[in-house]
Amino acid sequence: MNHDRATEQLRTTVEALCSPGFLPRNPGTAGGAAARDHLRDQLEALGLTPVGEDGFGQPINDIGGTNLLG
């Protein structure tokens, strides 16, 4: 992937995550779930291998959240 394409892809992802549909992004909120799903889709599209306990997901039990690992 060339630098310009990677920069544009990153910009698109950041702009999407800043949009109202992803707010709030706190653990347990609809926005948090939407952001997690969006990023999971991005990881899958890049062809990364999931390495979490649940595919890409790695639960954070203390706060009820999920990290994504690939």
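Can you run down the residue pairs with Cβ atoms below 6 Å, 6 or more apart or on separate chains, where the first is in the range 46-70 and part of a strand (DSSP E or B) and the partner is open to solvent by less than 60 Å² (accessible area, probe 1.4 Å) and of a type in the set (Gly, Ala, Ser)?
Note: pairs meeting the criteria are GLN58/GLY52; THR66/GLY57.
Out of all the residues in the range 43-61, which are open to solvent by less than 60 Å² (accessible area, probe 1.4 Å) and either within 11 Å of the chain's Cα centre (by Cα) or at pLDDT below 90 (or both)?
LEU43, PHE56, GLY57
Anything in the range 22-66 that is polar (S, T, N, Q) and within 21 Å of GLN9 (Cα to Cα)? List them, or say none.
GLN42, THR49
For the range 10-38, how many residues are open to solvent by 60 Å² or more (accessible area, probe 1.4 Å) and within 18 Å of GLY70 (Cα to Cα)?
Summing the residues that are open to solvent by 60 Å² or more (accessible area, probe 1.4 Å) and within 18 Å of GLY70 (Cα to Cα) in the range 10-38 gives 3.
The values are calculated or read from the model by the stated rules, or taken from the named source; none is laboratory data. Every value quoted in this text rests on a predicted model; they were computed, and no experiment measured them. Reconstructed Cβ throughout: ideal geometry from the backbone, glycine too, with neighbour counts over all protein chains shown. For the accessible areas, the whole protein counts, side chains as well, though only heavy atoms, and no ligand, DNA or RNA atoms are used. Shrake-Rupley method; radii C 1.70, N 1.55, O 1.52, S 1.80 Å.
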